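**Q** Attaching a single structure in structure tokens format; questions to follow.
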Amino acid sequence: MRQHKLALCKSHFLDWIPEQAERAIQKYRMFTRDERVLVAVSGGKDSLALWDVLLKLGYQADGLYIGLGIDGGIGYSDASHEKIRQFVAARPGISLEVVDVEQVYGASIPVAAENTQRGKGRPCSVCGLTKRHVMNRVARDGGYAALATGHNLDDEAAVLFGNTFNWQVGYLARQGPVLPASHEGLARKVKPFCRLYERETAAYALLAGIDYIYDECPYAVGATSIYHKEVLARLEEERPGAKLQFYLGFLRAREAGVFQTAQEEVALLTCPTCGQPTTVEGQCAFCRMWDQVQARIGMVATL
Ligand code: AMP
Ligand code: FES
Ligand code: ZN
């Protein structure tokens, strides 16, 4: 780890990663060992490594996998699910909830995207909205205190770069390792790996013997976040630790109240259909979108 001027052997590295996660969990008061945590697992290295680390640290961590029905010529969703199945099979007694979007809402993400204005050309927006809704719902219904995702430093630095570049001050005010529960019944959102480089989480997965899906979502190709990651990678190459410094400097500024004026509370309303928070009157964006999809698909089915 050039940024820490630290070189570790396998066994010390396998201890170091959980120690780093534990520090972040404590420092940002993410959750305690008395609380139940829901880990959103995609089948990728970060979220599976996170679940493994939380279990090793003795947290009450259950998994949630959302089946998106994405094929992309590589059977992306099926292959992801399979990796998670293997992970669970190797750890008897752990609990995984699976929500298959097509089964529950009537269409896979790509089909839904074709049948709504929001998804035209790129299903990522439909996908993000759906994942967020399902994660909130399962965390709320299951009475979880926190919802943990596998976002790493590279993810967070890229989002930060995007938000800064576009001066999205409202987003900057809310970006952080912990997003407090903003609404009754919602779990707080936490990112215990936010200070770990992607190559560190990948190395951990590899050394801990966790098999994961190497492919990115086929729809991610060309996403701005990937471009931002490339830009930051160049900075990092010339100045090891640049990403970490960028992110930690931001967190300190945020802590010092630099973005406080932007933090004005947006009044949150409750969606009459699903009960989740929304900033608009009436149905939330998720319910409106899926109503549109179901109406269109229903129409096709009756033709
Ligand atoms: P991404 O938005 O794909 O970069 O994923 C960010 C985080 O969201 C991952 O680290 C997981 O914690 C979670 N996640 C992504 N896809 C899924 C999925 N299909 N099911 C459950 N959690 C997911
Ligand atoms: Fe959702 Fe790619 S469109 S993961
Ligand atoms: Zn709703």
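The values are calculated or read from the model by the stated rules, or taken from the named source; none is laboratory data. The model shown is predicted, which means the values in this text are computed figures rather than measured ones. Cβ coordinates were reconstructed from backbone atoms using ideal geometry, including for glycine residues, and neighbour counts include every protein chain displayed. When the accessible area is computed, the model is the full protein with side chains, heavy atoms only, and any ligands, DNA or RNA have been set aside. Shrake-Rupley method; radii C 1.70, N 1.55, O 1.52, S 1.80 Å.
**Q** Mind listing the phi-derived Karplus ³J(HN,Hα) values for segment 145-159, rounded to whole Hz, using 6.51, -1.76 and 1.60 with θ = phi - 60°, and x for any glycine or proline?
**A** Here the 3J(HN,Hα) series is 7, 9, 10, 9, 10, x, 3, 9, 4, 4, 5, 5, 5, 5, 5 Hz.
**Q** Can I ask one more? Compute the acute angle (0 to 90°) between the alpha-carbon long axis of helix 285-302 and the principal axis of greatest extent of the alpha-carbon atoms of the chain; round to the nearest 10°.
**A** 50
**Q** Indicate the gyration tensor shape class of segment 17-63 (rounded, prolate or oblate), computed on the Cα atoms with a ≥ b ≥ c the square roots of the eigenvalues: a/c under 1.5 is rounded; otherwise a/b larger than b/c is prolate and the rest oblate.
**A** oblate
**Q** Here's another thing I want to ask about it. Any chance you could run the full-extension gain for Thr224 through Cys274? It's 0.36 nm times the residue separation minus the Cα-Cα distance, nm to one decimal.
**A** Full-extension gain reported as 14.9 nm.
**Q** Excluding same-chain residues fewer than 8 positions from Lys189, which lysines have a Cα within less than 27 Å of its Cα?
**A** Lys27, Lys45, Lys56, Lys83, Lys131, Lys229, Lys243
**Q** Let's test this: bin the Cα-Cα distances of segment 105-203 at 10 Å from zero up to the farthest pair and state each bin's percent.
**A** 14, 32, 40, 14, 0
**Q** Also, quick follow-up: Give me log10 I(q)/I(0) at q = 0.11, 0.19 Å⁻¹ for segment 204-297, Debye formula, one equal scatterer per alpha-carbon, no solvent.
**A** Normalising to I(0) and taking log10 leaves -0.75, -1.03.
**Q** Here is a follow-up. So, in nm, how far is label Ala7 from label Leu235 when the simple model puts each one 7 Å beyond its Cα toward the Cβ?
**A** So the label points at Ala7 and Leu235 sit 2.8 nm apart.
**Q** Tell me the mean residue ellipticity at 222 nm calculated for the chain from its helices only (DSSP H runs of n ≥ 4, each -39500 (n - 2.57), averaged over every residue, nearest 500).
**A** -15500 deg cm²/dmol
**Q** State to the nearest 20 debye the size of the charge dipole of segment 9-106 about its Cα centre, where the only charges are +1 on K and R beta carbons and -1 on D and E beta carbons.
**A** Taking the Cα centre of segment 9-106 as origin, the dipole is about 460 debye.
**Q** What's the FRET efficiency of Ala79 with Leu14 using the Cβ-Cβ distance as r and R₀ = 22 Å, to the nearest 0.05?
**A** Result of the calculation: an efficiency of 0.30.
**Q** From Cα pairs below 8 angstrom and at least 6 apart in sequence, can you work out the relative contact order of the chain, rounded to a whole percent?
**A** Relative contact order of the chain: 22 percent.
**Q** To check you understand DSSP bridge types, tell me what percent of the beta bridges within the chain (both residues inside) are antiparallel, rounded to 5.
**A** Expressed as a percentage, antiparallel bridges in the chain total about 20.
**Q** Something else about it: Working from Cα positions, state the angle (0 to 90°, nearest 10) between the long axis of helix 242-255 and the longest principal axis of the chain.
**A** Its long axis makes an angle of about 70 degrees.
**Q** Averaged per residue, what accessible surface does segment 139-282 expose to a 1.4 Å probe, in Å²?
**A** 54
**Q** Using only the Cα atoms of segment 1-114, what do you get for the radius of gyration and for Dmax, in Å?
**A** Rg and Dmax of segment 1-114, Cα atoms, are 16.9, 51 Å.
**Q** While we're looking at this one, here's another question. Counting only Cα, what are the radius of gyration and maximum Cα-Cα distance Dmax of segment 82-150, in Å?
**A** Taking only Cα atoms of segment 82-150, I get Rg and Dmax of 14.5, 43 Å.
**Q** I'd like the Karplus ³J(HN,Hα) series for segment 9-20: coefficients 6.51, -1.76, 1.60, θ = phi - 60°, whole numbers in Hz, and an x wherever there's a Gly or Pro.
**A** After applying 6.51 cos²θ - 1.76 cosθ + 1.60, I find 7, 3, 5, 6, 5, 5, 8, 5, 4, x, 4, 5 Hz.
**Q** Another question, if that's okay. Convex hull over the alpha-carbon atoms of the chain: what's its volume per residue in Å³?
**A** 147
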